[in-house]
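The numbers here are math on the coordinates, done by the rules we state, and not lab data. On a predicted model such as this, the values are computed, not experimentally measured, just so you know. FYI the Cβ positions are ideal-geometry reconstructions off the backbone, even for glycines, and counts take in every protein chain you see.
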Amino acid sequence: MTGVEIRDRRFTEVVGPSVGFEKLATGFIFTEGPLWHGRDHYLLFSDMPGDHLRQWSAEGGVSTFRQPCNKSNGLTWDTRDRLLTCEHASSRVTRTEPDGAITVIASHHDGKELNSPNDIVVKHDDAGIYFTDPTYGRKPHFGVPREQELSFQGVYRIEPAGGKLTLLADDFGQPNGLCFSLDEKRLYVNDTDRQHIRVFDVTADGKLKGGQVWAETKGAGAGAPDGMKIDSGGNIYCCGPGGIHVFAPDATCLGVIQVPEYTANFCFGDDDLRSLYITASTSLYRIRVHQPGTPQWR
């Protein structure tokens, strides 16, 4: 049990002095979008090139949740426990209703098709939906090759009432993972191209201001900013070179969880939220950490 690069002694309090990787499933093409459901104890994750959204549970193993799935990527739950999905192949954000019907909640900005919604979070105090829109879903393998209609890669908000779409920021290379601070007064958004994490203040009307660079993902090995989550202590986990980088609330990089395969995303799960489910290329892994995470459901 090793798998860690410790850069600050606080890493052992947050993650532990070492980690042990449990391979839960393998044989996929490229896994993404892990999402834990705490009440029903299952994990959703997608295999984008395989156009397959899967479900995993300790009792049932891996099964099909949706196929085809428009090469879905980021997933989350809204405040009414409905599944929100970023679809690479269709350039849409959709909501799965309780009866299984799919509702499109975002697809165009100013009459032009979105690039390819990538990752998504919900602000629980007002049910606002925030998502990133890079161009990866317009490229081979991860999406459907096609010309980009918009001239930028942005971050958006979908209003909880009426579904109005608002562009919040358009000065990214490739915006990717995002997460709120514990009090939801700040939004962290990473930029894959520029290898850093930015932080925005969230205004009373749900818009963003600021956007300064908060931290950089430096290190050896393959990887770049992608999936990002916050734990119950305010520590930020973010994909980066070599695996998953862990940052303290003061932006100090505490260390890196060195994952055996190229890592795109992860989420906290299990009853105590101390399991980290990791989607790493061909496999799904689980490790245990010391500091509990935060739930993506309510």
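Counting lysine pairs in the chain whose alpha carbons fall under 14 angstrom apart, excluding pairs fewer than 8 residues apart on the same chain, gives 7.
For the chain, the relative contact order comes to 18 percent (Cα pairs under 8 Å, sequence separation of at least 6). Each peptide among 191-199, 60-68, 15-23 gets the average number of other Cβ atoms lying within 10 Å of its residues, and from highest to lowest they stand as 191-199, 15-23, 60-68.
Among E113, E261, E147, which one shows the biggest mean-square fluctuation in a GNM of the chain, springs joining Cα atoms closer than 10 Å? Among E113, E261, E147, the largest mean-square fluctuation in the Gaussian network model of the chain belongs to E147. Calculated on C-alpha atoms, the gyration radius of the stretch 158-247 divided by its Kirkwood radius gives an Rg/Rh of 0.99. Computed over the stretch 4-288, the convex hull of the alpha-carbon atoms projects to a mean area of 13.7 nm².
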